[in-house]
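Participant: Mind having a look at this structure? Questions to follow.
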Amino acid sequence: MKTGVCIAALAAAWIAGGVAAQDKVLNVYNWSDYIAEDTIAKFEAKFGVKVNYDVYDSNEVLEAKMLAGNSGYDVVVPTSDFLRRQVAAGVYMELDKSKLPNLKNMDPELMANAAVYDEGNKHAVIYMWGTTGIGYNVGKVRERLGEDAPTDSWALVFDPEVVSKLADCGVTFLDAPTEMLPAAMNYAGLDPNSTKREDFEKGAEVLMAVRPHVRYFHSSQYINDLANGEICVAVGWSGDVFQAQARAEEAGNGVEIAYVIPKEGALQWFDMMAIPKDAPHPDLAHEFINFIMDPQITADITNYVWYANANAASMPLVDEEVKSDPGIFPPEEVKKRLWASTVYNARTDRLVNRLWTQVKTGQ
C-alpha cells in the first residue's frame with residue numbers, strides 16, 4: 001500500500017513538474033535584428049524560464065499568423081497600423097496594467113500618439129519607434145552623382161534619371177507596400193495618407209518608372225548588403241540603416257553609411273508589444289513586456305539596435321551618440337514633416353497588394 005502511494009505521489013510530482021516546466025517557457029515573435037544581444041539571456045536568468053525567440057521581417061508575415069490563430073506565441077510586435085486592424089479583428093487580449101508597473105516610465109506624448117491606433121493603449125505598449133527613409137553609401141553615391149547628389153530627397157530613389165546612375169552599385173526597396181506606395185505618393189506631391197485609387201495608381205507609376213533600376217525588394221537583407229558595400233542605396237528603416245553603419249565601422253572596410261529623413265517628409269511608425277488572445281503563457285508575457293520597459297533594458301536595446309524608444313526614464317542611460325543623432329531622435333522641425341500610417345479597409349488592401357505585385361514583377 002505504501003509503495004503504491006509512493007509511486008502515485010512520484011507520478012503526481014513528475015506530472016506537476018512537467019507542467020511547471022512547460023509553464024516556464026515564453027514564445028516571442030519579433031522583428032529580425034531588433035534586440036540587444038543579452039536581453040533574452042537576462043530575462044531567462046531573472047525569471048528562470050526558457051524563451052523561444054523567433055523572427056520575421058514583414059508585417060504581412062506576422063499578420064497571416066495572427067489572423068490564422070493558434071500561433072503559439074505569447075508576445076508579438078506588430079507595427080501600429082497593422083496593430084489597429086488586428087485589434088479590430090479581436091486578435092489581442094487587453095493588457096492587465098496592474099502587472100505592468102514600468103508603464104510609469106513611458107513617454108506620455110508618444111504613448112498618446114500610439115493610442116491613435118489602440119484607444120487608451122489597451123492592447124499594446126511601444127517597443128521601439130522610428131522612421132522610413134534612405135540609407136546610402138556616401139562614397140559610391142558621391143562618385144556617381146557628384147557633390148550635388150539629392151541625398152536629402154526622395155529624388156535619390158524615385159527620380160529615374162538619378163536612380164539609373166546608381167543601378168550598377170545597387171538600389172533596393174523595402175518589401176512593404178503600405179510604406180513604399182505612400183512614400184512614392186508623397187514624392188509625387190500627393191497626400192501619403194490618401195486612400196483614393198487614382199493616388200495609389202500615381203504612386204505605383206512613380207515606382208514603376210524606377211523599377212528597372214531596383215536590384216531587389218527585401219526588408220532585412222539590405223542591412224548586411226549596405227554594410228559590406230554590396231548595395232549603395234536602400235529605402236529602409238532608420239535603426240536598420242544605423243546597424244549597417246555600425247557593422248561597416250566594426251569591419252573597418254572603409255564603407256561610410258548615412259541615413260536621411262527626406263526633406264519631403266517620411267513615415268513615423270511605432271512597433272508595439274502585444275499579447276495574442278490565445279497566448280499560452282499570458283502572465284509570463286506580461287512579465288516580459290514589463291521587463292522590456294525597465295529603463296536599463298530599454299536603453300540597452302536602443303544602444304544596440306539604434307532605434308528610438310518611448311521610455312522617458314531610459315534616456316539618461318542611452319548613449320550620447322545615439323540620442324543626439326537627428327536620424328534616430330528627430331528634432332521638432334523634422335517631426336512636423338513626418339506622417340502616421342493609415343489603416344486601410346479590405347478593398348484598399350486588395351488594391352495596394354495588386355499594385356505592389358505589379359511593381360515587384362515590373363508588369
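The values are calculated or read from the model by the stated rules, or taken from the named source; none is laboratory data. Computed from a prediction, not measured in an experiment: that's the story for all the values here. Virtual Cβ from ideal backbone geometry, glycine too; neighbours counted across all protein chains shown.
Participant: Might you let me know whether the stretch 127-136 holds any residue that is loosely packed, with under 15 Cβ neighbours inside 10 Å, under 22 Å from Gly239 (Cα atoms), out of contact with any Phe, Trp or Tyr (no Cβ under 7 Å at 6 or more places or on another chain) and in contact (Cβ under 8 Å) with a residue 12 or more places away in the chain?
Facilitator: So far as the stretch 127-136 goes, no, none of its residues is loosely packed, with under 15 Cβ neighbours inside 10 Å, under 22 Å from Gly239 (Cα atoms), out of contact with any Phe, Trp or Tyr (no Cβ under 7 Å at 6 or more places or on another chain) and in contact (Cβ under 8 Å) with a residue 12 or more places away in the chain.
Participant: Hey, another quick one. Looking for something among the hydroxyl-bearing types (Ser, Thr, Tyr) and touching a residue at least 12 places away in the same chain (Cβ under 8 Å) - is there at least one such residue anywhere in the stretch 98-108?
Facilitator: No, the stretch 98-108 contains no residue that is among the hydroxyl-bearing types (Ser, Thr, Tyr) and touching a residue at least 12 places away in the same chain (Cβ under 8 Å).
Participant: If Gly203 passes every condition in (1) surrounded by fewer than 23 Cβ atoms within 10 Å (Cβ to Cβ); (2) touching a Leu at 6+ places or on another chain (Cβ under 8 Å) but one, which one does it miss?
Facilitator: Single failed check for Gly203: (1).
Participant: Restricting to the stretch 68-85, count the residues that are within 22 Å of Asn121 (Cβ to Cβ) and surrounded by fewer than 19 Cβ atoms within 10 Å (Cβ to Cβ).
Facilitator: Number satisfying all stated conditions: 1.
Condition check ((1) aromatic (Phe, Trp, Tyr); (2) assigned to a loop (DSSP other than H, G, I, E, B); (3) touching a Leu at 6+ places or on another chain (Cβ under 9 Å)) across all residues:
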residue: Gln296; (1), (2), (3): no, no, yes
residue: Ile301; (1), (2), (3): no, no, no
residue: Pro316; (1), (2), (3): no, no, no
residue: Pro326; (1), (2), (3): no, yes, no
residue: Glu333; (1), (2), (3): no, no, no
residue: Arg347; (1), (2), (3): no, no, no
residue: Asn353; (1), (2), (3): no, no, no
residue: Trp356; (1), (2), (3): yes, no, yes
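Participant: Sticking with this structure for a sec: Just give me the residues in the stretch 178-196 being crowded, with 21+ Cβ neighbours inside 10 Å and in a loop (DSSP other than H, G, I, E, B), in sequence order.
Facilitator: Pro192
Participant: Now, a different point. Can you tell me which residue among Glu250, Glu205, Glu230 is over 20 Å from Thr357 (Cα atoms), among the charged types (D, E, K, R) and assigned to a helix (DSSP H, G or I)?
Facilitator: Of the residues listed, the single one that is over 20 Å from Thr357 (Cα atoms), among the charged types (D, E, K, R) and assigned to a helix (DSSP H, G or I) is Glu250.
Participant: For the stretch 228-244, state whether one or more residues are of a type in the set (Phe, Trp, Tyr), buried (at least 18 other Cβ atoms within 10 Å of the Cβ) and in contact with a strand residue (DSSP E or B) (Cβ under 8 Å, 6 or more places away or on another chain).
Facilitator: So far as the stretch 228-244 goes, yes, one or more of its residues are of a type in the set (Phe, Trp, Tyr), buried (at least 18 other Cβ atoms within 10 Å of the Cβ) and in contact with a strand residue (DSSP E or B) (Cβ under 8 Å, 6 or more places away or on another chain).
Participant: Now, a different point. Charged (D, E, K, R), under 17 Å from Trp356 (Cβ atoms) and either outside the structural domain of Glu60 (by TED's automatic domain parsing) or crowded, with 16+ Cβ neighbours inside 10 Å (or both), is that true of Asp175?
Facilitator: yes
Participant: Collect the residues in the stretch 323-363 that are touching a helix residue (DSSP H, G or I) at 6+ places or on another chain (Cβ under 8 Å), under 25 Å from Ala88 (Cα atoms) and at pLDDT below 95, keeping them in residue-number order.
Facilitator: Trp339, Ala340, Ser341, Thr342, Val343, Tyr344
Participant: If you take the residues in the stretch 157-177 that are assigned to a helix (DSSP H, G or I) and in contact with a His (Cβ under 8 Å, 6 or more places away or on another chain), which one is farthest from Tyr216 (Cα to Cα)?
Facilitator: So the residue we want is Pro160.
Participant: Can you tell me which residue in the stretch 84-128 is nearest to Ala310 (Cα to Cα), limited to those that are aromatic (Phe, Trp, Tyr) and in a strand (DSSP E or B)?
Facilitator: Tyr127
Participant: Checking the structure you have, find out if any residue of the stretch 180-201 is of a type in the set (D, E, K, R), assigned by TED's automatic domain parsing to the domain that holds Arg247, without any contact (Cβ under 8 Å) to a residue 24 or more places away in the chain and out of contact with any helix residue (DSSP H, G or I) (no Cβ under 8 Å at 6 or more places or on another chain).
Facilitator: yes
Participant: In this structure, does Asn52 turn out to be more than 26 Å from Thr131 (Cβ to Cβ) and more than 22 Å from the chain's Cα centre (by Cα)?
Facilitator: The answer is no for Asn52.
Participant: Quick one: in the stretch 150-172, of everything that is under 28 Å from Thr79 (Cα atoms) and of a type outside the set (Ser, Thr, Tyr), which residue is surrounded by the most Cβ atoms within 10 Å (Cβ to Cβ)?
Facilitator: Only one residue tops the list, namely Val157.
Participant: Follow-up. Within the stretch 216-226, is there a residue that is in a helix (DSSP H, G or I) and over 19 Å from Gln243 (Cβ atoms)?
Facilitator: No.
Participant: Another question about this same structure. In the stretch 41-61, how many are free of Cβ contacts under 8 Å to residues at least 60 places away in the same chain and touching a Lys or Arg at 6+ places or on another chain (Cβ under 6 Å)?
Facilitator: Of the residues in that region, 0 qualify.
Participant: Next up: Could you tell me which of the residues Gln243, Gln268 is farther than 21 Å from Glu37 by Cβ and at pLDDT below 95?
Facilitator: Gln268
Participant: State which residue is farthest from Gly130 (Cα to Cα) when the search covers only the stretch 224-253 and only residues that are small (Gly, Ala, Ser) and touching a residue at least 40 places away in the same chain (Cβ under 8 Å).
Facilitator: Among them, the one singled out is Gly229.
Participant: Could you please find all residues in the stretch 129-156 being assigned to a strand (DSSP E or B) and either more than 24 Å from Pro182 (Cβ to Cβ) or not polar (S, T, N, Q) (or both)?
Facilitator: Those that are assigned to a strand (DSSP E or B) and either more than 24 Å from Pro182 (Cβ to Cβ) or not polar (S, T, N, Q) (or both): Trp129, Gly130, Gly133, Ile134, Gly135, Tyr136, Asn137.
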